[in-house]
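What follows is a short report on a single structure.
What follows draws every value from the coordinates through simple rules; no lab data is involved. Quick caveat, the model's predicted, so the values are computed rather than measured. FYI the Cβ positions are ideal-geometry reconstructions off the backbone, even for glycines, and counts take in every protein chain you see.
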Amino acid sequence: LELITFPWFRAVRGNHEQMMIDGLSERGNVNHWLLNGGGWFFNLDYDKEILAKALAHKADELPLIIELVSKGKKYVICHADYPC
């Protein structure tokens, strides 16, 4: 997650990032996150938990899709299938 703080790094939001964002929100489903690998968060010490929460807020700002043009061709980058 910490890579998203570097200006040279580009990322898209995937389903696990979204589960983390939802799981940490007041309205979210923490059980869904836990069933899909979110247990690591609850084993963090206090300082790392604070950092992970800050990174979750940053992950919430990630786009679902990135479009790049290179040599006249357009490339669409997404985590999986993008929403219609």
Need the failing condition index for residue 33 against (1) surrounded by 11 or more Cβ atoms within 10 Å (Cβ to Cβ); (2) out of contact with any Gly (no Cβ under 9 Å at 6 or more places or on another chain), just the number. (2)
Show me the helices (runs of 4 or more DSSP H) entirely contained within the chain in which 2 or more residues are in contact (Cβ under 8 Å) with a residue 40 or more places away in the chain and touching a Lys or Arg at 6+ places or on another chain (Cβ under 7 Å). none
